[in-house]
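Just below is one structure, and these are the notes that go with it.
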Amino acid sequence: MNSQHTSFLVDVDSLRRKAAAQGLSIPTAIWDDTCPSTNDELAALVTGASTLAEAPADFTRTVSTADGPAELPAQFTVHGTDHQNAGHGRLGRTWTVPARRSLTFSLLLTPGAVFDSWGWIPLLAGEAVRSAISEAGVPAVLKWPNDVLTVEGKKLCGILARIETLPAGPRIILGMGINTRLSSADLPRETASSLAIEKGTDGSEIDHEDLLVSILATLIPAYQELIDNGDSDFSSSAAAEKVRANMVTLGSQVRVERPDGTSVIGRATGLDAGGDLILDGDRSYSAGDVHHLRTAG
């Protein structure tokens with residue numbers, strides 16, 4: 001089911017071919033010219049609230065599948081858009097940027113039985129994004145739990161994981177929004193940046209399709225390593241070591257604002273077996289907004 005619309009920033013057929021050349025199987029790729037939230041749209045397909053056979057009434061969609069649309073999307077289905085106008089951020093915040101200025105997509109994962117290492121999934125996604133944009137010419141670092149920053153600390157990408165519980169088992173919808181083509185005038189806040197700004201280039205030179213393939217080529221094998229690891233301690237794996245090596249949070253004095261409204265201060269000393277942040281060597285936190293604190297002197 002392919003629209004004749006030709007202006008999408010990602011061609012779904014090309015995306016699946018390029019992924020296959022990297023040894024990746026993307027069963028379904030969906031791209032919308034605009035949509036409220038790729039996480040919401042993919043969740044609706046996962047839960048059966050909508051189907052690929054139903055053409056959206058208010059935006060244009062293009063779809064590429066291996067064997068025709070399945071009843072429910074399979075693992076590694078990609079759902080993206082050229083313009084997300086009502087995206088979700090952490091802790092219920094909204095997130096939106098001008099049309100065609102960011103790479104915004106969601107990836108479906110089916111991890112099987114619930115296990116204690118799920119906290120590593122957004123960390124692995126962050127490392128995949130960091131690696132891809134670094135290869136594109138923008139050095140970057142990770143901030144626990146789900147941000148990719150410039151080395152100067154400006155935000156380039158946010159990641160949000162959503163869990164849907166189905167009779168067949170849990171599904172994780174992993175959403176990512178990367179500031180690619182934004183100009184300085186487009187930035188939502190002065191603490192953000194984009195690949196175009198950091199490279200000093202026109203935004204049109206940032207290829208969304210190639211960047212997405214690069215992300216998937218790192219993320220999917222790392223995720224598969226996590227799943228194959230079973231009940232073993234994933235924190236000792238090579239993929240986990242890459243996360244730690246590129247996470248600027250570790251070693252920093254931080255304030256963690258927790259979902260219940262409380263906050264704690266300490267030095268980030270490591271990541272535990274579940275990917276939780278360890279403060280001062282003995283306190284672990286699974287969720288919260290992290291603020292890096294300046295040290296005196």
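When you scan the range 274-287, how many residues do you find that are in contact (Cβ under 8 Å) with a residue 40 or more places away in the chain and surrounded by 17 or more Cβ atoms within 10 Å (Cβ to Cβ)? Let's see the steps before the verdict.
Kept after step one, since they are in contact (Cβ under 8 Å) with a residue 40 or more places away in the chain, are these residues of the range 274-287: 274-277, 286-287.
Next cut, surrounded by 17 or more Cβ atoms within 10 Å (Cβ to Cβ) only: 275-277.
Qualifying residue count for the region: 3.
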So residue 157 ticks every box in (1) over 18 Å from the mean Cα position of the chain (by Cα); (2) within 19 Å of residue 38 (Cβ to Cβ); (3) without any contact (Cβ under 8 Å) to a residue 60 or more places away in the chain but one. Which box is left unticked? (1)
Listed by first then second residue, the pairs whose first member lies in the range 17-33 and is polar (S, T, N, Q), whose partner is outside any loop (DSSP other than H, G, I, E, B), with beta carbons under 6 Å and at least 6 positions apart or on separate chains, are 22/217; 28/65
Taking the conditions exactly as written (of a type outside the set (Asp, Glu), touching a strand residue (DSSP E or B) at 6+ places or on another chain (Cβ under 9 Å), farther than 24 Å from residue 198 by Cα and at pLDDT 95 or above), does residue 133 satisfy them or not? no
Can you tell me which residue within the range 164-203, out of those that are surrounded by fewer than 13 Cβ atoms within 10 Å (Cβ to Cβ) and among the aliphatic types (A, V, I, L, M), is nearest to residue 285 (Cα to Cα)? 166
Single unsatisfied condition, residue 145 versus (1) within 12 Å of the chain's Cα centre (by Cα); (2) part of a strand (DSSP E or B); (3) more than 13 Å from residue 176 (Cβ to Cβ): (2)
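Just checking, which of 153, 126 is of a type in the set (Gly, Ala, Ser), farther than 21 Å from residue 16 by Cα and assigned to a loop (DSSP other than H, G, I, E, B)?
Numbers: 126 fails: assigned to a loop (DSSP other than H, G, I, E, B).
Just a single option satisfies the conditions, and that option is 153.
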For the range 56-76, indicate whether the set of residues that are over 23 Å from residue 217 (Cβ atoms), in contact with a helix residue (DSSP H, G or I) (Cβ under 6 Å, 6 or more places away or on another chain) and at pLDDT below 95 is non-empty. no
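State whether one or more residues within the range 94-101 are on the phi > 0 side of the Ramachandran plot, surrounded by fewer than 23 Cβ atoms within 10 Å (Cβ to Cβ) and of a type in the set (Lys, Arg). Before the answer, list the steps.
First, pick out the residues of the range 94-101 that are on the phi > 0 side of the Ramachandran plot: 100.
Right, trim to surrounded by fewer than 23 Cβ atoms within 10 Å (Cβ to Cβ) and you get 100.
When the remaining residues are screened for being of a type in the set (Lys, Arg), the result is 100.
Taking every residue of the range 94-101 in turn, at least one turns out to be on the phi > 0 side of the Ramachandran plot, surrounded by fewer than 23 Cβ atoms within 10 Å (Cβ to Cβ) and of a type in the set (Lys, Arg).
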Taking first residues from the range 230-253 that are surrounded by 14 or more Cβ atoms within 10 Å (Cβ to Cβ) and second residues anywhere that are at pLDDT below 95 and assigned to a loop (DSSP other than H, G, I, E, B), the pairs with Cβ under 6 Å that are 6 or more apart or on different chains are 234/117; 235/273; 253/293; 253/295
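The values are calculated or read from the model by the stated rules, or taken from the named source; none is laboratory data. A quick note: this is a predicted structure, and the numbers were derived from the prediction, not measured. All Cβ positions, glycine included, derive from the backbone under ideal geometry; neighbour counts span all protein chains shown.
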